[in-house]
Amino acid sequence: MTIHKIGFLFVLLFSSIYAYSQDISKYLDDGGFSAGRMILKTGYDPINGVLPVLFEHALNKRFSVEWEAGLVSLQRQNKLYSDNPLPIAASGLGYTFSGCLKIWLRAFPERSYVGLRPGVTLMSGKTFTDLMYLNYGYQRAITGKWMVALEMGVGVRLFKNTTTFGDIDFTDTDSRFLFPLTIKTGYMF
């Protein structure tokens with residue numbers, strides 16, 4: 001062996017010992033972000049006038065479940081369906097409840113997902129069932145464990161409608177399209 005080869009091996013050995021002796025954990029510590037499995041969120045749907053509170057729980061890296069409960073503006077619903085009005089009061093508040101199964105295109109809790117969100121909305125004493133509610137969303141961490149998300153979807157809202165012809169009441173199932181667009185912020189724990 002030549003002196004150059006021995007010198008090169010000595011430098012390589014010394015640099016590897018120096019590199020392994022350094023504490024690199026500060027570079028790998030994400031503040032528990034990757035260990036988080038639950039997110040508590042609040043949001044706003046400007047199209048439908050919904051103010052939801054949401055709770056999301058990861059089942060694994062590809063699937064999560066999100067539950068939603070919120071208030072619905074009846075005035076906003078009346079403006080939204082002004083061409084074909086819903087049988088509700090002109091103003092006031094309603095309530096909405098839903099669950100969503102999310103399929104993450106990469107891994108929970110960041111990036112894109114698709115979801116199925118069936119739900120029930122109570123407005124003016126009537127029950128509206130939200131079916132075929134398909135979502136697409138994008139969620140990102142903004143700082144530490146704080147998240148921001150945007151979710152949009154399409155669905156059908158079904159309800160029973162009673163109309164009167166003369167003295168006879170007819171009850172049938174009616175429907176309207178539903179286009180939710182929700183902006184959310186939350187904290188992961």
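The values are calculated or read from the model by the stated rules, or taken from the named source; none is laboratory data. It should be emphasised that the depicted structure is a prediction, and the values quoted were computed from it without experimental measurement. Every residue, glycine among them, receives a Cβ derived from its backbone with ideal geometry; neighbour counts consider all protein chains shown.
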Can you pull out every residue in the stretch 27-46 that is over 17 Å from ARG140 (Cβ atoms) and either at pLDDT below 55 or part of a helix (DSSP H, G or I) (or both)?
TYR27, LEU28, ASP29, ALA35
Looking at ARG106, ARG140, ARG157, can you tell me which residue is touching a Phe, Trp or Tyr at 6+ places or on another chain (Cβ under 7 Å) and not acidic (Asp, Glu)?
ARG157
Meets criteria (out of contact with any Cys (no Cβ under 6 Å at 6 or more places or on another chain), under 18 Å from LEU150 (Cα atoms) and aromatic (Phe, Trp, Tyr)) for TYR44:
yes
When you look at TYR187, is it out of contact with any Asp or Glu (no Cβ under 7 Å at 6 or more places or on another chain) and modelled with pLDDT of 95 or more, yes or no?
yes
Given the residues GLY125, GLY166, GLY153, which is the only one that is among the small types (Gly, Ala, Ser) and in contact with a strand residue (DSSP E or B) (Cβ under 6 Å, 6 or more places away or on another chain)?
GLY153
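Have a look at TYR133, TYR138 and point out the one that is at pLDDT below 90 and either within 24 Å of the chain's Cα centre (by Cα) or polar (S, T, N, Q) (or both).
Working: TYR138 fails: at pLDDT below 90.
When all the criteria are applied, what remains is TYR133.
Please specify each residue of the stretch 66-88 satisfying the condition of being over 17 Å from the mean Cα position of the chain (by Cα), of a type in the set (Gly, Ala, Ser) and surrounded by 16 or more Cβ atoms within 10 Å (Cβ to Cβ).
Kept after step one, since they are over 17 Å from the mean Cα position of the chain (by Cα), are these residues of the stretch 66-88: 72-88.
Now narrow it down to the ones that are of a type in the set (Gly, Ala, Ser): 73, 82.
The answer is SER73, and nothing else.
Return a yes/no flag: does the stretch 14-21 have any residue that is under 22 Å from ILE142 (Cβ atoms) and either in a loop (DSSP other than H, G, I, E, B) or modelled with pLDDT under 95 (or both). Reasoning before the result, please.
First, the residues of the stretch 14-21 that are under 22 Å from ILE142 (Cβ atoms): none.
Within the stretch 14-21 (the criterion being under 22 Å from ILE142 (Cβ atoms) and either in a loop (DSSP other than H, G, I, E, B) or modelled with pLDDT under 95 (or both)), the answer is no, since none of the residues qualifies.
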If I ask for residues that are part of a strand (DSSP E or B), buried (at least 18 other Cβ atoms within 10 Å of the Cβ) and not hydrophobic (A, V, I, L, M, F, W, C), which ones from the stretch 179-189 would you list?
THR182, LYS184, GLY186
